[in-house]
Amino acid sequence: MTAETTGAVPWPGQGSRGVPRAVRPVVGALADGTPYYAPIGEVVSDDATVTCHLCGRTLKSVAAHLRAHGWTKAAYCETFGLERGQPLEGQETRKRRAASFAPRLIFDPAIRAGSAAGRQRAAAGELSKDAARASAGRPLPEQRRRKASRAAAAASSEVAAQANRDRAARHRAEVAARVASDQGYPTLGTYVLARVASGASLAAISREAGLHKDWLHRHLAEVDPAVGAAVRQRPAGRDGPRWLQAVTALGFADVSSYLRDRHLVRHQTVSAIGGEIGMSNHAVAAALTRSGLARTAHASRRNAARERAAQVASVLGVDSVPRYVAARRAAGWTWPAIAAECGQPPSWLRRQAALPDARP
């Protein structure tokens, strides 16, 4: 009989009266030439039986069968890329073994003592340390590598992103519960409202709770939306003493007038305002919201771009550079010709032509 035999053959020692068992075809050969009959890194099972990699027979327990080959389970799992904890028995065999072990765990003193010792070692972390030492330097089994690849392929980027968002939400909830408990309040929202009523800012409350000074600015609306909305709708006069002290030193009566001058009149960015007044970007953005002022991203650059366009329009004697460019293009002018007339680079003129106001 060759290794490629696929017919029913008797188990060694059974004789001709033994129950025939099917043998799978050879899948490959190890480095020493030993054939194997199941893929590396996989366990071929139909729930009732498991296929032996060494001989291709389907058995209720390959673990017990390995003695016939002179192999140990550890060597078998390492050779064929299986995890050390991988069961090598059919589902029915595992169920019967578990059912027979349950009464022994109750009535057998030796098993009870061993189980108690194992629980103590697990609680002390000794089992985890033993597992870490045993796995140090051992290559990753092919079975685990395939499981990881399948899991990565099954999880789309959106699923992974949603899992990250859910994990972040759980972490925020845990932090909020811990802070509320440490400060003696039922919820984080009640603690924040009580401190805000006494004149404290969100940054001061964050520091008081042992958090980053911007934590409440970033996460209060997510942890407690009602409290977050109530805090952000405070009148401008309720800004903290740090704000009032800073804007007063700059010659402003209140925070709202300062922000209006810096952001809307002088077109300073949120970062520039924060650097001038010594506040974080989140604190400045929150103050703009409380003051009812719309935040403009890249305010200084956008204002400079508007001023440049207005200056070019004034030199050309037109009311709108985009409309001027559109009219020239409609008349058949090339980009270099338009650039030569107005003294601006073609790339800038192309951007002007893409603006919504570009109509002849």
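I'd like to know which of Ala272, Ala204, Ser45 lies farthest towards the positive end of the charge dipole of the chain, counting +1 on Cβ of Lys and Arg and -1 on Cβ of Asp and Glu.
Projecting each Cα onto the dipole axis, the largest value belongs to Ser45.
Show me, bin by bin at 5 Å from 0, the whole-percent P(r) of the stretch 276-322 based on Cα pairs.
4, 19, 16, 16, 12, 10, 10, 10, 3
Where only protein heavy atoms count, and the probe is 1.4 Å, what is the accessible area per residue for the stretch 155-287 in Å²?
Heavy-atom SASA per residue in the stretch 155-287 reads 51 Å².
Under the rule a/c < 1.5 gives rounded, and otherwise a/b versus b/c splits prolate from oblate, where does the stretch 72-150 land using the Cα gyration tensor?
oblate
Tell me the Kirkwood radius of the stretch 201-360: reciprocal of the mean inverse pair distance over distinct alpha-carbon atoms, in Å.
Evaluated over the stretch 201-360, this radius sits at 18.6 Å.
Which of the three applies to the stretch 282-358, rounded, prolate or oblate, going by the alpha-carbon gyration tensor with a ≥ b ≥ c and a/c under 1.5 meaning rounded?
prolate
Please state the shape class of the stretch 23-87: rounded when a/c is under 1.5, otherwise prolate if a/b exceeds b/c and oblate if not, all from the C-alpha gyration tensor.
Taking the square roots of the gyration eigenvalues as a ≥ b ≥ c, the stretch 23-87 is rounded.
Based on the Cα atoms of the stretch 52-193, what semi-axes does the equivalent ellipsoid have, where each is the square root of 5 times one gyration tensor eigenvalue, given in whole Å with the largest first?
43, 26, 16
For the chain, modelled as a Gaussian network with Cα springs under 10 Å, which listed residue fluctuates most, Ser115, Ser198, Ser257?
Ser115
Taking all protein chains in place and a 1.4 Å probe, what share, in percent, of the accessible surface of the chain do carbon and sulfur account for?
C and S atoms contribute 55 percent here.
For the chain, compute Rg over Rh where Rg is the Cα radius of gyration and Rh is the Kirkwood radius from the inverse mean 1/r over Cα pairs.
1.26
Stick to the Cα atoms of the stretch 210-299, pair each with every other, and give me the Kirkwood hydrodynamic radius in Å at one decimal.
13.4
The values are calculated or read from the model by the stated rules, or taken from the named source; none is laboratory data. In this text, all values refer to a predicted model and were calculated from it rather than measured experimentally. We place every Cβ from the backbone using ideal geometry, glycine too, and count neighbours over all the protein chains shown. Each accessible area value is taken on the protein alone, full model and side chains, heavy atoms only, with ligands, DNA and RNA left out. Shrake-Rupley method; radii C 1.70, N 1.55, O 1.52, S 1.80 Å.
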